[in-house]
Each structure stands twice: as C-alpha cells, then as structure tokens.
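Since the structure comes first, as structure tokens, the remarks are kept for the end.
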Amino acid sequence: MDKGKYGRLDRLVKEKRHDPYESREKFPEPTICTECEAVFMDGRWNWLDKLPEKANKVLCPACRRIKENMPAGTISLTGQFLKTHGQEILNLVKNEEKAEKAAHPLERIMAIEKENGKIEILTTGIHLAKRIGESVRRSYQGEFDLKYGDGEKTIFISWHRD
C-alpha cells in the first residue's frame, strides 16, 4: 500500500499548548522588570547588583503571574503533624524559596495561605513547587502526591502526615 510521499493525511494534528506567561519573542537586552527589577540579559532573567542605565522596561512573567493571581504551582500541606510543626515546615519552605530565587528570579512564592489547619503555598513556577514539596517529604516523611496539569505548565502537590 502506497501512503504517498508525506505519510497519512487523515490524522489529526495536535496543537501544541503554550504557557501564556512564557514570552514567545525574545526581549531586547537588557530588559528590566518594573516590579522586581530582575534583568533579562544573555537570554535569561538574572539578579544584578548594578542595574543597566538604558534598558527596556516590562513586567517579568513571575510578576505578571503574581499580579493576575495565576499560580503555576500549588502545594497543599495538611495533617495533625502540621499543627505542631507548622512553623518549622514554613521555615523550610522559605529557605527553599530563598535558595531557588537566588539562581532563578522567576521562581517565587506568591502566597502562603493558612486556613483550618491547612497550609496552601502558591508559586510562580513549577520547579520551586516541586523543590518545596520534595524537601518537605524528605524532611518530614508523610504521604506525598504530585500531579502535573495543563500540559506540564502547572503542578499540584499535596502532603499529609497525621
């Protein structure tokens, strides 16, 4: 059976899903975020000690996510253990953010919400959320679940320990 030069013509082409917070075009270098003062240089966002004098100004993807309240990562912490060790766990979370944010300016905690014995942490990136979730699991054991959603552009992590 001859399928022709280009293979099957009757299959559906899956459209590639794009992250709306990931820029499709490259920013002119240097570009400074008007909110956090991260600098886009050498093809990536960085923290610089001295900001360039002449630079393009935009809102970086992380600040856009924060402004529009659209987290890429959601971490849900629950359980009896959380009630007695909550502050300890939050200190671990903040240390993980500090380490990740130093190297990757677009990875930040958007909010930490405490409600009815549950802590929910919202992040601007999936990598920070995964790093926090795995660090809590490693340090305090418990039940850990990780799910990607929306074509791996979002992540949902739950941790529970009685």
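Nothing in this text is a laboratory measurement; each read-out follows from the coordinates by a stated rule. Bear in mind that the values here come from a model prediction, so they are computed numbers and not experimental data. Every residue, glycine as well, gets a Cβ built from its backbone with ideal geometry; the counts of neighbours run over all protein chains shown.
Of all aspartates and glutamates in the structure, those lying under 14 Å Cα to Cα from LYS57, and not within fewer than 8 positions of it along the same chain, are GLU29, GLU35, GLU37.
Available extension along the chain between LYS57 and GLU35 is 6.9 nm, counting 0.36 nm per residue and deducting the alpha carbon span. Ellipsoid fit via the Cα gyration tensor, the stretch 67-160: semi-axes of 20, 14, 13 Å, each the root of five times an eigenvalue, largest first.
Each Lys and Arg Cβ is given +1 and each Asp and Glu Cβ -1; about its Cα centre, the stretch 67-160 then shows a dipole of about 180 debye. Here is the link list: LYS26/LYS114; LYS67/LYS98; LYS114/LYS147; LYS50/LYS83; LYS94/LYS153; LYS26/LYS101. Which ones come out longer than 32 Å on Cα distance? Result: LYS26/LYS114; LYS50/LYS83 exceed 32 Å.
Candidates ASN91, MET70, TYR148 compared by Cα position along the dipole of the chain: farthest toward the positive end lies TYR148, with charges placed on Cβ. Annotation note: GluC sites (Glu not before Pro) in the stretch 99-162 located in DSSP loop regions with a Cβ neighbour count of at most 10 within 10 Å are GLU152. Looking at the chain, the pairs of alpha carbons with a distance over 19 Å make up 62% of the total.
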